[in-house]
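The values are calculated or read from the model by the stated rules, or taken from the named source; none is laboratory data. Keep in mind that what you see is a predicted model, and the values were worked out from it rather than measured. Note: ideal-geometry Cβ built from the backbone for every residue, glycine included; neighbour counts use all protein chains shown.
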Amino acid sequence: MKDVIIACDFSSTEKLYDFLGLFGDEKPYIKIGMELFYKTGAEVVKDLASRGFKIFLDLKLHDIPNTVYKAMRNIASLGVEITNVHASGGIEMMKWAKKGLLEGAPEGKVPKLIAVTQLTSTDEKMLKEELLIDAGIANTVKKYAENAKAAGLDGVVCSPLESPIIAELGLLAVTPGIRLATDAVGDQKRVTTPEMAKDLGSSYIVVGRTITDAKDPLETYRLVRKQFLGL
């Protein structure tokens, strides 16, 4: 099922709940990332899940396999729908991440596990000059996605521009880097509109400042959903 996920990158729970209050009885799919999680810990995630929100917990784990395994066993009990690792940690790490989720989740409630391929702030120049990867963005994303599939993961995080590659592998494509045509690009380099992401085959789009900084977040959220889902 396709959906729009709002990146709730707020500095406090007060700001988060004030924002969600604007939606009334609607419960949008939300992403909780490092900023809020590292300040509040797991309690806010458990509370949101108990209120009926679907949550993408975006912590991008990247460590030795045993450490990631133990962390995922704990994450599995929080009630989130999706969580993630960095694909650059390798197949073995991703396998142990999946094992942790399977062992730690309540029966029948295993979160989807996806892997970050390349951040949408990465471009060809950075890839080659800073990371010393000469394969190029598209080939690197494809290889990392193939590794994620080999490890038994459900999908990857990538730019919408790489969604067609991911669809060919039968994986979910969770795509940040979404802006309305009238928005500034900000600190992201590989971006598209919701309509373009739909046409390229994104499974989920992750939208942050376009919605959270809008004068009317609810109306903007509905506009983004309309453009992406064709409602």
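Some points to look at:
- Listed by position, the helices (runs of 4 or more DSSP H) enclosed by the range 104-195 that each have at least 3 residues that are within 18 Å of the chain's Cα centre (by Cα) are 137-150, 163-168.
- Selected residue (criterion: farthest from Lys60 (Cα to Cα)) from residues of the range 134-151 that are at pLDDT below 95 and either buried (at least 18 other Cβ atoms within 10 Å of the Cβ) or charged (D, E, K, R) (or both): Asp134
- Residue check, Ala148 farther than 20 Å from Ala42 by Cα and in contact (Cβ under 8 Å) with a residue 24 or more places away in the chain: yes
- Checking Tyr144 against (1) touching a Ser or Thr at 6+ places or on another chain (Cβ under 6 Å); (2) under 19 Å from Tyr29 (Cα atoms), the condition it does not meet: (2)
- Residue match in the range 170-184 (condition: more than 25 Å from Lys99 (Cβ to Cβ) and either touching a His at 6+ places or on another chain (Cβ under 8 Å) or modelled with pLDDT of 95 or more (or both)): yes
- In the set (1) at positive phi; (2) of a type outside the set (Ser, Thr, Tyr); (3) touching a strand residue (DSSP E or B) at 6+ places or on another chain (Cβ under 8 Å), Asp58 fails one condition alone, (1).
- Residue in the range 36-46 that is at pLDDT below 95 and of a type in the set (S, T, N, Q) present: yes
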